[in-house]
Amino acid sequence: MLKQQCSTVDTPDLNKVVSLCKRRGFVFPGSEIYGGLANTYDLGPLGVEMLRNIADSWWKFFVHNREDIFGLDTSILMSPRVWEASGHTQNFSDVLLDCKSCQLRTRADHLIEDFFESQQKQQKVEGLSPEELDLIVKENKIPCPSCKEFNWTPCRKFNLLFETSIGIIPGEKSTAYLRGEIAQGMFVNFKNILDTMHPKLPFGLAQVGKAFRNEITLGNFIFRTLEFNLAEFEYFFNPATTDWNEVFDYWQGEMFKWITNLGICETKLKWRTHTDEERSHYSTKTQDLDFEFPMGYKEMFGLAYRTDYDLRNHMEKSGVDLRYVNPETGEKYIPHVVEPTFGLNRVLFALLTNGYVEETDRTVLRLSPQIAPYKFAVFPLVRNKPELVAKAREVYKHLSKNYVVAWDDRGNIGKRYLSQDEIGTPYCVTVDYETLENGTVTVRDRDTMDQKRVDFREVSL
(Lines give C-alpha, C1' and ligand atoms only; values in the text may rest on other atoms or scores of the structure.)
Protein backbone atom coordinates (compact mmCIF):
# COMPACT_ATOMS: atom_id res chain seq x y z
CA MET A 1 0.00 0.00 0.00
CA LEU A 2 1.17 3.50 -0.82
CA LYS A 3 2.29 5.56 2.16
CA GLN A 4 1.54 9.22 1.66
CA GLN A 5 4.69 11.31 1.54
CA CYS A 6 4.86 15.01 2.29
CA SER A 7 5.63 17.11 -0.72
CA THR A 8 8.93 18.98 -0.60
CA VAL A 9 7.92 21.47 -3.28
CA ASP A 10 6.57 24.93 -2.66
CA THR A 11 2.87 25.54 -2.29
CA PRO A 12 1.41 25.57 -5.82
CA ASP A 13 -0.07 28.60 -7.51
CA LEU A 14 -3.80 28.88 -6.86
CA ASN A 15 -4.64 29.19 -10.55
CA LYS A 16 -2.97 25.85 -11.27
CA VAL A 17 -5.00 24.08 -8.59
CA VAL A 18 -8.22 25.70 -9.81
CA SER A 19 -7.42 24.76 -13.42
CA LEU A 20 -6.83 21.12 -12.53
CA CYS A 21 -10.07 20.98 -10.54
CA LYS A 22 -12.11 22.32 -13.44
CA ARG A 23 -10.31 20.34 -16.16
CA ARG A 24 -10.43 17.01 -14.35
CA GLY A 25 -13.88 17.17 -12.78
CA PHE A 26 -13.20 17.96 -9.13
CA VAL A 27 -14.86 21.38 -8.79
CA PHE A 28 -16.94 23.51 -11.16
CA PRO A 29 -18.09 27.13 -10.78
CA GLY A 30 -21.70 27.30 -9.58
CA SER A 31 -24.37 28.18 -12.16
CA GLU A 32 -21.62 28.50 -14.74
CA ILE A 33 -23.81 28.51 -17.88
CA TYR A 34 -25.62 31.58 -16.49
CA GLY A 35 -22.46 33.48 -15.76
CA GLY A 36 -21.93 31.97 -12.32
CA LEU A 37 -22.96 32.97 -8.81
CA ALA A 38 -20.24 34.37 -6.59
CA ASN A 39 -19.05 32.16 -3.73
CA THR A 40 -20.80 29.04 -5.04
CA TYR A 41 -19.20 25.92 -6.48
CA ASP A 42 -20.38 22.50 -7.62
CA LEU A 43 -18.49 19.30 -6.95
CA GLY A 44 -17.84 17.21 -10.04
CA PRO A 45 -17.60 13.40 -10.15
CA LEU A 46 -14.10 13.28 -8.66
CA GLY A 47 -14.81 15.99 -6.08
CA VAL A 48 -17.89 14.14 -4.86
CA GLU A 49 -15.91 10.94 -4.34
CA MET A 50 -13.06 12.72 -2.63
CA LEU A 51 -15.30 14.66 -0.24
CA ARG A 52 -17.20 11.47 0.57
CA ASN A 53 -13.91 9.75 1.37
CA ILE A 54 -12.88 12.62 3.64
CA ALA A 55 -16.21 12.54 5.51
CA ASP A 56 -16.10 8.73 5.83
CA SER A 57 -12.56 8.89 7.19
CA TRP A 58 -13.61 11.54 9.72
CA TRP A 59 -16.66 9.53 10.83
CA LYS A 60 -14.63 6.36 11.25
CA PHE A 61 -11.88 8.10 13.22
CA PHE A 62 -14.05 10.20 15.55
CA VAL A 63 -17.27 8.17 15.81
CA HIS A 64 -17.01 4.52 14.78
CA ASN A 65 -13.64 3.94 16.44
CA ARG A 66 -14.89 5.29 19.79
CA GLU A 67 -17.52 4.28 22.35
CA ASP A 68 -18.15 7.77 23.71
CA ILE A 69 -19.42 9.65 20.64
CA PHE A 70 -22.88 9.32 19.11
CA GLY A 71 -23.93 10.45 15.64
CA LEU A 72 -26.79 12.75 14.68
CA ASP A 73 -28.26 14.25 11.53
CA THR A 74 -30.31 17.28 12.47
CA SER A 75 -32.51 19.60 10.43
CA ILE A 76 -31.14 22.47 8.40
CA LEU A 77 -34.26 24.47 9.29
CA MET A 78 -34.94 24.97 12.99
CA SER A 79 -37.13 27.24 15.05
CA PRO A 80 -35.93 30.87 14.89
CA ARG A 81 -35.85 30.73 18.69
CA VAL A 82 -32.86 28.40 18.43
CA TRP A 83 -30.79 31.17 16.85
CA GLU A 84 -32.06 33.77 19.29
CA ALA A 85 -31.02 31.58 22.22
CA SER A 86 -27.62 30.79 20.70
CA GLY A 87 -26.86 34.47 20.17
CA HIS A 88 -26.51 34.22 16.40
CA THR A 89 -29.26 36.70 15.55
CA GLN A 90 -27.46 39.32 17.66
CA ASN A 91 -23.78 38.45 17.31
CA PHE A 92 -23.27 36.46 14.11
CA SER A 93 -22.22 39.36 11.91
CA ASP A 94 -19.46 40.97 9.87
CA VAL A 95 -18.75 44.65 9.32
CA LEU A 96 -19.24 45.60 5.66
CA LEU A 97 -18.90 48.63 3.44
CA ASP A 98 -19.82 49.36 -0.17
CA CYS A 99 -17.94 51.16 -2.92
CA LYS A 100 -20.27 53.86 -4.25
CA SER A 101 -18.46 53.90 -7.59
CA CYS A 102 -18.56 50.22 -8.60
CA GLN A 103 -20.96 48.78 -5.95
CA LEU A 104 -18.39 46.32 -4.65
CA ARG A 105 -19.40 45.08 -1.20
CA THR A 106 -16.60 43.81 1.01
CA ARG A 107 -15.71 43.07 4.61
CA ALA A 108 -14.02 45.98 6.30
CA ASP A 109 -11.51 43.81 8.18
CA HIS A 110 -10.43 42.01 5.00
CA LEU A 111 -10.14 45.30 3.10
CA ILE A 112 -7.92 46.83 5.78
CA GLU A 113 -5.74 43.77 6.34
CA ASP A 114 -5.20 43.20 2.61
CA PHE A 115 -4.29 46.87 2.13
CA PHE A 116 -1.66 46.86 4.84
CA GLU A 117 -0.34 43.49 3.69
CA SER A 118 0.23 45.01 0.22
CA GLN A 119 2.32 47.67 2.00
CA GLN A 120 4.36 44.96 3.79
CA LYS A 121 2.72 45.99 7.03
CA GLN A 122 0.32 44.32 9.45
CA GLN A 123 -2.85 45.76 10.89
CA LYS A 124 -4.94 43.63 13.23
CA VAL A 125 -8.54 44.72 13.48
CA GLU A 126 -10.29 41.98 15.44
CA GLY A 127 -12.97 43.28 17.75
CA LEU A 128 -12.99 46.84 16.43
CA SER A 129 -16.32 48.61 16.10
CA PRO A 130 -17.71 49.75 12.73
CA GLU A 131 -16.79 53.31 13.71
CA GLU A 132 -13.18 52.35 14.47
CA LEU A 133 -12.87 50.42 11.21
CA ASP A 134 -14.36 53.35 9.33
CA LEU A 135 -11.72 55.65 10.81
CA ILE A 136 -8.86 53.37 9.67
CA VAL A 137 -10.24 53.28 6.12
CA LYS A 138 -10.55 57.07 5.99
CA GLU A 139 -7.22 57.90 7.62
CA ASN A 140 -5.35 55.65 5.19
CA LYS A 141 -7.56 56.47 2.19
CA ILE A 142 -7.82 52.78 1.37
CA PRO A 143 -9.04 52.46 -2.23
CA CYS A 144 -11.53 50.00 -3.63
CA PRO A 145 -9.62 46.88 -4.79
CA SER A 146 -11.88 46.67 -7.85
CA CYS A 147 -12.14 50.20 -9.29
CA LYS A 148 -9.34 51.85 -7.22
CA GLU A 149 -11.63 54.70 -6.20
CA PHE A 150 -11.91 56.00 -2.64
CA ASN A 151 -15.66 56.35 -2.34
CA TRP A 152 -16.98 54.15 0.46
CA THR A 153 -20.22 54.02 2.39
CA PRO A 154 -19.88 54.02 6.20
CA CYS A 155 -19.07 50.66 7.77
CA ARG A 156 -22.05 48.76 9.18
CA LYS A 157 -22.84 45.37 10.69
CA PHE A 158 -24.31 42.64 8.46
CA ASN A 159 -25.76 39.41 9.86
CA LEU A 160 -24.43 36.27 8.19
CA LEU A 161 -27.51 34.11 8.71
CA PHE A 162 -29.50 33.35 5.58
CA GLU A 163 -33.12 34.31 6.04
CA THR A 164 -35.91 32.27 4.50
CA SER A 165 -39.67 32.07 4.95
CA ILE A 166 -41.96 29.26 6.08
CA GLY A 167 -45.53 29.29 4.76
CA ILE A 168 -47.31 29.58 1.44
CA ILE A 169 -49.56 32.61 1.96
CA PRO A 170 -47.95 36.03 1.53
CA GLY A 171 -48.28 38.04 4.70
CA GLU A 172 -48.63 34.92 6.80
CA LYS A 173 -45.13 33.62 6.23
CA SER A 174 -42.81 33.39 9.21
CA THR A 175 -39.08 34.11 9.14
CA ALA A 176 -36.66 31.23 9.56
CA TYR A 177 -32.94 30.80 9.02
CA LEU A 178 -30.68 28.35 7.26
CA ARG A 179 -28.29 27.11 9.89
CA GLY A 180 -25.03 29.05 10.15
CA GLU A 181 -23.42 26.18 12.05
CA ILE A 182 -24.41 22.59 12.70
CA ALA A 183 -23.69 22.66 16.44
CA GLN A 184 -27.09 23.93 17.56
CA GLY A 185 -28.89 20.82 16.31
CA MET A 186 -26.77 18.81 18.73
CA PHE A 187 -27.47 21.09 21.67
CA VAL A 188 -31.25 21.09 21.17
CA ASN A 189 -31.18 17.27 20.95
CA PHE A 190 -29.12 16.87 24.13
CA LYS A 191 -32.10 15.76 26.22
CA ASN A 192 -33.23 13.30 23.53
CA ILE A 193 -29.83 11.64 23.68
CA LEU A 194 -29.92 11.47 27.47
CA ASP A 195 -33.39 9.89 27.35
CA THR A 196 -32.64 7.33 24.61
CA MET A 197 -28.96 6.40 24.81
CA HIS A 198 -28.41 6.99 28.56
CA PRO A 199 -24.75 7.95 28.10
CA LYS A 200 -22.35 8.62 30.94
CA LEU A 201 -20.17 11.70 30.92
CA PRO A 202 -17.91 12.43 29.22
CA PHE A 203 -19.48 11.82 25.82
CA GLY A 204 -19.84 13.54 22.47
CA LEU A 205 -22.45 14.20 19.79
CA ALA A 206 -21.22 14.35 16.20
CA GLN A 207 -22.63 15.24 12.84
CA VAL A 208 -21.65 16.00 9.27
CA GLY A 209 -23.77 18.36 7.22
CA LYS A 210 -24.33 21.58 5.31
CA ALA A 211 -24.06 25.04 6.82
CA PHE A 212 -24.83 28.37 5.20
CA ARG A 213 -23.39 31.86 5.62
CA ASN A 214 -24.21 34.98 3.68
CA GLU A 215 -20.56 35.65 2.85
CA ILE A 216 -19.73 38.51 0.55
CA THR A 217 -15.92 38.24 0.42
CA LEU A 218 -14.93 37.05 -3.06
CA GLY A 219 -12.03 34.94 -4.22
CA ASN A 220 -9.85 32.12 -2.89
CA PHE A 221 -11.77 29.37 -4.68
CA ILE A 222 -13.67 27.04 -2.29
CA PHE A 223 -12.08 28.43 0.87
CA ARG A 224 -15.04 30.69 1.67
CA THR A 225 -18.43 29.90 0.12
CA LEU A 226 -22.12 30.52 0.75
CA GLU A 227 -22.76 26.87 1.57
CA PHE A 228 -20.24 24.37 2.81
CA ASN A 229 -19.81 21.02 4.51
CA LEU A 230 -18.92 20.84 8.19
CA ALA A 231 -18.02 17.99 10.47
CA GLU A 232 -18.02 18.69 14.17
CA PHE A 233 -18.84 17.28 17.55
CA GLU A 234 -19.69 18.60 20.98
CA TYR A 235 -17.82 16.82 23.77
CA PHE A 236 -19.64 17.14 27.10
CA PHE A 237 -17.95 16.75 30.48
CA ASN A 238 -18.34 17.58 34.15
CA PRO A 239 -16.39 20.79 34.86
CA ALA A 240 -16.24 19.97 38.58
CA THR A 241 -14.25 16.78 38.06
CA THR A 242 -12.56 17.31 34.68
CA ASP A 243 -10.04 20.02 33.80
CA TRP A 244 -11.24 21.61 30.54
CA ASN A 245 -7.64 22.32 29.55
CA GLU A 246 -6.92 18.59 29.50
CA VAL A 247 -9.99 17.93 27.34
CA PHE A 248 -8.98 20.76 25.02
CA ASP A 249 -5.40 19.52 24.67
CA TYR A 250 -6.53 15.93 24.04
CA TRP A 251 -8.81 16.87 21.16
CA GLN A 252 -6.20 19.19 19.74
CA GLY A 253 -3.90 16.20 19.45
CA GLU A 254 -6.59 13.98 17.91
CA MET A 255 -7.47 16.61 15.30
CA PHE A 256 -3.83 16.91 14.32
CA LYS A 257 -3.44 13.13 14.16
CA TRP A 258 -6.45 12.72 11.84
CA ILE A 259 -5.40 15.31 9.28
CA THR A 260 -1.77 14.18 9.15
CA ASN A 261 -2.95 10.59 8.70
CA LEU A 262 -4.60 11.82 5.50
CA GLY A 263 -1.24 12.98 4.20
CA ILE A 264 -1.16 16.68 5.10
CA CYS A 265 2.42 17.67 5.84
CA GLU A 266 3.08 18.72 9.43
CA THR A 267 5.34 21.51 8.17
CA LYS A 268 2.33 23.11 6.45
CA LEU A 269 0.26 23.23 9.64
CA LYS A 270 0.35 25.53 12.66
CA TRP A 271 -1.96 26.28 15.56
CA ARG A 272 -3.07 29.86 16.19
CA THR A 273 -4.83 31.08 19.33
CA HIS A 274 -7.66 33.59 18.89
CA THR A 275 -7.26 36.93 20.58
CA ASP A 276 -9.86 38.06 23.08
CA GLU A 277 -11.33 40.35 20.45
CA GLU A 278 -11.42 37.66 17.78
CA ARG A 279 -13.14 34.91 19.79
CA SER A 280 -16.78 34.13 19.16
CA HIS A 281 -19.33 35.24 21.73
CA TYR A 282 -19.76 31.71 23.10
CA SER A 283 -16.08 30.82 23.46
CA THR A 284 -13.65 31.08 26.38
CA LYS A 285 -10.73 29.77 24.30
CA THR A 286 -10.45 29.10 20.58
CA GLN A 287 -7.58 27.77 18.51
CA ASP A 288 -7.43 27.41 14.74
CA LEU A 289 -5.34 24.86 12.89
CA ASP A 290 -4.05 26.85 9.93
CA PHE A 291 -2.85 25.28 6.69
CA GLU A 292 -0.52 26.85 4.14
CA PHE A 293 -2.98 27.43 1.31
CA PRO A 294 -1.85 29.13 -1.92
CA MET A 295 -3.00 32.46 -0.42
CA GLY A 296 -1.07 31.90 2.82
CA TYR A 297 -1.80 30.33 6.19
CA LYS A 298 -5.56 30.22 6.72
CA GLU A 299 -7.95 28.42 9.05
CA MET A 300 -8.83 24.82 8.25
CA PHE A 301 -10.07 23.61 11.67
CA GLY A 302 -11.31 25.27 14.82
CA LEU A 303 -11.31 24.10 18.43
CA ALA A 304 -13.37 25.99 21.01
CA TYR A 305 -14.21 25.72 24.69
CA ARG A 306 -17.89 26.76 24.75
CA THR A 307 -18.36 26.25 28.54
CA ASP A 308 -22.09 25.71 29.25
CA TYR A 309 -23.11 28.73 27.16
CA ASP A 310 -25.35 26.91 24.69
CA LEU A 311 -27.08 24.40 26.97
CA ARG A 312 -27.67 27.07 29.62
CA ASN A 313 -29.20 29.51 27.13
CA HIS A 314 -31.38 26.88 25.48
CA MET A 315 -32.54 25.74 28.91
CA GLU A 316 -33.46 29.30 29.90
CA LYS A 317 -35.18 30.16 26.61
CA SER A 318 -37.06 26.87 26.12
CA GLY A 319 -37.95 26.12 29.73
CA VAL A 320 -36.78 22.51 29.22
CA ASP A 321 -34.42 21.02 31.80
CA LEU A 322 -31.16 20.23 29.97
CA ARG A 323 -29.17 19.25 33.03
CA TYR A 324 -27.32 15.96 33.19
CA VAL A 325 -28.24 13.68 36.09
CA ASN A 326 -25.41 11.65 37.59
CA PRO A 327 -26.83 8.09 37.69
CA GLU A 328 -24.87 7.25 40.85
CA THR A 329 -25.33 10.36 42.99
CA GLY A 330 -28.42 12.00 41.50
CA GLU A 331 -26.54 15.28 41.16
CA LYS A 332 -27.87 17.59 38.43
CA TYR A 333 -25.70 20.03 36.51
CA ILE A 334 -25.17 21.53 33.08
CA PRO A 335 -22.13 19.95 31.39
CA HIS A 336 -19.44 22.03 29.74
CA VAL A 337 -18.41 21.53 26.11
CA VAL A 338 -15.27 21.43 23.99
CA GLU A 339 -16.04 21.64 20.28
CA PRO A 340 -13.77 20.51 17.43
CA THR A 341 -14.99 21.87 14.06
CA PHE A 342 -13.75 20.72 10.66
CA GLY A 343 -14.46 22.54 7.42
CA LEU A 344 -14.59 19.62 4.99
CA ASN A 345 -14.50 21.79 1.87
CA ARG A 346 -11.35 23.39 3.23
CA VAL A 347 -9.91 19.94 3.94
CA LEU A 348 -10.63 19.05 0.31
CA PHE A 349 -8.89 22.23 -0.82
CA ALA A 350 -5.94 21.59 1.49
CA LEU A 351 -5.46 18.00 0.29
CA LEU A 352 -5.57 19.10 -3.35
CA THR A 353 -3.01 21.80 -2.60
CA ASN A 354 -0.83 19.52 -0.49
CA GLY A 355 -0.82 16.78 -3.14
CA TYR A 356 -0.24 18.92 -6.23
CA VAL A 357 3.24 18.32 -7.65
CA GLU A 358 4.67 19.36 -11.02
CA GLU A 359 7.46 17.10 -12.24
CA THR A 360 9.53 17.39 -15.40
CA ASP A 361 7.15 15.47 -17.65
CA ARG A 362 3.96 15.12 -15.61
CA THR A 363 1.66 16.65 -13.01
CA VAL A 364 0.91 14.37 -10.06
CA LEU A 365 -1.76 14.62 -7.40
CA ARG A 366 -0.24 12.73 -4.50
CA LEU A 367 -3.34 11.78 -2.56
CA SER A 368 -3.53 9.19 0.17
CA PRO A 369 -5.21 6.01 -1.15
CA GLN A 370 -8.01 6.38 1.40
CA ILE A 371 -8.83 9.85 0.01
CA ALA A 372 -8.17 9.42 -3.72
CA PRO A 373 -11.39 9.37 -5.81
CA TYR A 374 -10.31 6.17 -7.57
CA LYS A 375 -8.16 3.54 -5.88
CA PHE A 376 -7.30 1.75 -9.13
CA ALA A 377 -7.58 2.35 -12.85
CA VAL A 378 -7.95 -0.65 -15.14
CA PHE A 379 -6.63 -0.56 -18.72
CA PRO A 380 -6.87 -3.05 -21.57
CA LEU A 381 -3.54 -2.86 -23.38
CA VAL A 382 -5.38 -2.00 -26.58
CA ARG A 383 -9.06 -1.23 -27.03
CA ASN A 384 -9.57 -3.02 -30.39
CA LYS A 385 -8.88 -6.56 -29.17
CA PRO A 386 -12.15 -8.06 -27.86
CA GLU A 387 -10.43 -10.75 -25.82
CA LEU A 388 -8.29 -8.15 -23.98
CA VAL A 389 -11.26 -5.87 -23.37
CA ALA A 390 -13.32 -8.78 -22.03
CA LYS A 391 -10.54 -9.81 -19.64
CA ALA A 392 -10.02 -6.21 -18.53
CA ARG A 393 -13.75 -5.98 -17.79
CA GLU A 394 -13.42 -9.09 -15.64
CA VAL A 395 -10.56 -7.51 -13.70
CA TYR A 396 -12.53 -4.26 -13.39
CA LYS A 397 -15.58 -6.06 -11.96
CA HIS A 398 -13.40 -8.01 -9.54
CA LEU A 399 -11.75 -4.89 -8.12
CA SER A 400 -15.03 -2.95 -8.10
CA LYS A 401 -16.44 -5.31 -5.47
CA ASN A 402 -14.21 -3.62 -2.88
CA TYR A 403 -12.95 -0.38 -4.41
CA VAL A 404 -13.96 2.58 -6.55
CA VAL A 405 -12.24 1.84 -9.86
CA ALA A 406 -11.76 3.83 -13.05
CA TRP A 407 -12.02 2.28 -16.51
CA ASP A 408 -9.71 3.91 -19.04
CA ASP A 409 -9.14 2.77 -22.64
CA ARG A 410 -8.44 6.18 -24.22
CA GLY A 411 -5.21 6.75 -26.16
CA ASN A 412 -1.99 4.92 -25.50
CA ILE A 413 -0.83 3.52 -22.17
CA GLY A 414 1.53 6.43 -21.52
CA LYS A 415 -1.24 9.01 -21.86
CA ARG A 416 -3.50 6.97 -19.61
CA TYR A 417 -0.81 6.88 -16.93
CA LEU A 418 -0.39 10.66 -17.09
CA SER A 419 -4.14 11.20 -16.89
CA GLN A 420 -4.54 8.98 -13.83
CA ASP A 421 -1.48 10.55 -12.16
CA GLU A 422 -3.09 13.96 -12.48
CA ILE A 423 -6.29 12.90 -10.71
CA GLY A 424 -4.43 11.07 -7.95
CA THR A 425 -5.18 7.41 -8.75
CA PRO A 426 -2.67 5.40 -6.65
CA TYR A 427 -2.40 2.35 -8.95
CA CYS A 428 -2.94 1.56 -12.62
CA VAL A 429 -3.65 -2.05 -13.63
CA THR A 430 -2.90 -3.07 -17.22
CA VAL A 431 -4.39 -6.18 -18.78
CA ASP A 432 -2.27 -7.59 -21.62
CA TYR A 433 -1.77 -10.82 -23.54
CA GLU A 434 0.11 -12.41 -20.64
CA THR A 435 -3.01 -11.87 -18.54
CA LEU A 436 -4.90 -14.11 -20.94
CA GLU A 437 -2.35 -16.84 -20.37
CA ASN A 438 -1.78 -16.80 -16.61
CA GLY A 439 -4.05 -14.18 -15.01
CA THR A 440 -1.25 -11.78 -14.06
CA VAL A 441 -1.50 -8.03 -14.62
CA THR A 442 0.94 -5.12 -14.54
CA VAL A 443 0.41 -2.86 -11.52
CA ARG A 444 2.04 0.54 -11.75
CA ASP A 445 2.67 2.73 -8.67
CA ARG A 446 1.66 6.40 -9.14
CA ASP A 447 4.45 7.91 -7.03
CA THR A 448 7.44 5.75 -7.92
CA MET A 449 6.18 4.69 -11.37
CA ASP A 450 7.52 1.20 -10.57
CA GLN A 451 5.70 -1.71 -12.19
CA LYS A 452 5.26 -5.28 -11.07
CA ARG A 453 3.30 -8.30 -12.22
CA VAL A 454 0.84 -9.96 -9.86
CA ASP A 455 -2.18 -12.22 -10.17
CA PHE A 456 -5.16 -9.89 -10.62
CA ARG A 457 -7.00 -11.72 -7.81
CA GLU A 458 -4.24 -10.58 -5.41
CA VAL A 459 -4.40 -6.88 -6.28
CA SER A 460 -5.40 -4.86 -3.20
CA LEU A 461 -4.51 -1.81 -1.15
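Below, the figures for the structure above:
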read-out: Wholly enclosed strands (runs of 3 or more DSSP E) of the range 354-426 bearing at least 3 residues farther than 20 Å from ASN53 by Cα and in contact with a strand residue (DSSP E or B) (Cβ under 8 Å, 6 or more places away or on another chain); value: 376-380
read-out: Hey, THR225 closer than 22 Å to ASP73 by Cβ and β-branched (Val, Ile, Thr) or not; value: yes
read-out: Residue check, ARG23 loosely packed, with under 13 Cβ neighbours inside 10 Å and at pLDDT 90 or above; value: yes
read-out: Members of the range 296-326 found to be crowded, with 18+ Cβ neighbours inside 10 Å, in contact with a helix residue (DSSP H, G or I) (Cβ under 7 Å, 6 or more places away or on another chain) and aliphatic (A, V, I, L, M), listed by number; value: MET300, LEU303, LEU311, LEU322
read-out: Verdict on SER75 being out of contact with any strand residue (DSSP E or B) (no Cβ under 9 Å at 6 or more places or on another chain) and either in contact (Cβ under 8 Å) with a residue 12 or more places away in the chain or not assigned by TED's automatic domain parsing to the domain that holds THR286 (or both); value: yes
read-out: Extreme residue, surrounded by the fewest Cβ atoms within 10 Å (Cβ to Cβ), among residues of the range 234-276 that are in a strand (DSSP E or B) and more than 16 Å from the chain's Cα centre (by Cα); value: THR273
read-out: Restricting the range 277-295 to residues that are part of a strand (DSSP E or B) and of a type in the set (Phe, Trp, Tyr), the residue that is surrounded by the fewest Cβ atoms within 10 Å (Cβ to Cβ); value: PHE293
read-out: Condition met for ALA350 (closer than 16 Å to PHE236 by Cα, crowded, with 21+ Cβ neighbours inside 10 Å and either touching a Cys at 6+ places or on another chain (Cβ under 7 Å) or in the same structural domain as ASP249 (by TED's automatic domain parsing) (or both)); value: no
read-out: The listed residue being part of a strand (DSSP E or B) and surrounded by fewer than 17 Cβ atoms within 10 Å (Cβ to Cβ), out of LYS157, LYS141; value: LYS157
read-out: Residue ID - farthest from LEU205 (Cα to Cα), chosen from residues in the range 90-109 that are under 24 Å from the mean Cα position of the chain (by Cα) and surrounded by fewer than 18 Cβ atoms within 10 Å (Cβ to Cβ); value: SER93
read-out: Search result, residues across the range 327-340 that are in contact (Cβ under 8 Å) with a residue 60 or more places away in the chain and either surrounded by fewer than 21 Cβ atoms within 10 Å (Cβ to Cβ) or in contact with a Cys (Cβ under 6 Å, 6 or more places away or on another chain) (or both); value: PRO327, TYR333
read-out: Residues (basic (Lys, Arg) and out of contact with any Leu (no Cβ under 8 Å at 6 or more places or on another chain)) located in the range 375-391; value: ARG383, LYS385
read-out: The listed residue being at pLDDT 95 or above and of a type in the set (Ser, Thr, Tyr), out of THR196, THR225, THR175; value: THR196
read-out: Single residue of the range 299-349 satisfying the filter (among the hydroxyl-bearing types (Ser, Thr, Tyr) and touching a strand residue (DSSP E or B) at 6+ places or on another chain (Cβ under 7 Å)) that is farthest from LYS257 (Cα to Cα); value: TYR333
read-out: The range 202-233, residues that are under 20 Å from ASP68 (Cα atoms) and in a strand (DSSP E or B); value: PHE203, GLY204, LEU205, ALA206, GLN207, VAL208, ALA231, GLU232, PHE233
read-out: Positions within the range 160-188 being assigned to a loop (DSSP other than H, G, I, E, B) and either touching a helix residue (DSSP H, G or I) at 6+ places or on another chain (Cβ under 6 Å) or within 30 Å of GLY204 (Cα to Cα) (or both), in sequence order; value: LEU160, LEU161, ARG179, GLY180, GLU181, ILE182
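Each row is one residue, and each column tells you yes or no for (1) at negative phi; (2) surrounded by fewer than 16 Cβ atoms within 10 Å (Cβ to Cβ); (3) in the same structural domain as LEU230 (by TED's automatic domain parsing).
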residue	(1), (2), (3)
GLU132	yes, yes, no
LEU135	yes, yes, no
LYS148	no, yes, no
ILE168	yes, yes, no
MET186	yes, no, yes
ILE193	yes, no, yes
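The values are calculated or read from the model by the stated rules, or taken from the named source; none is laboratory data. This one's a predicted model, so the numbers in the text were calculated from it and none came from an experiment. Neighbour counts run over all protein chains shown; Cβ positions are idealised from the backbone, glycine included.
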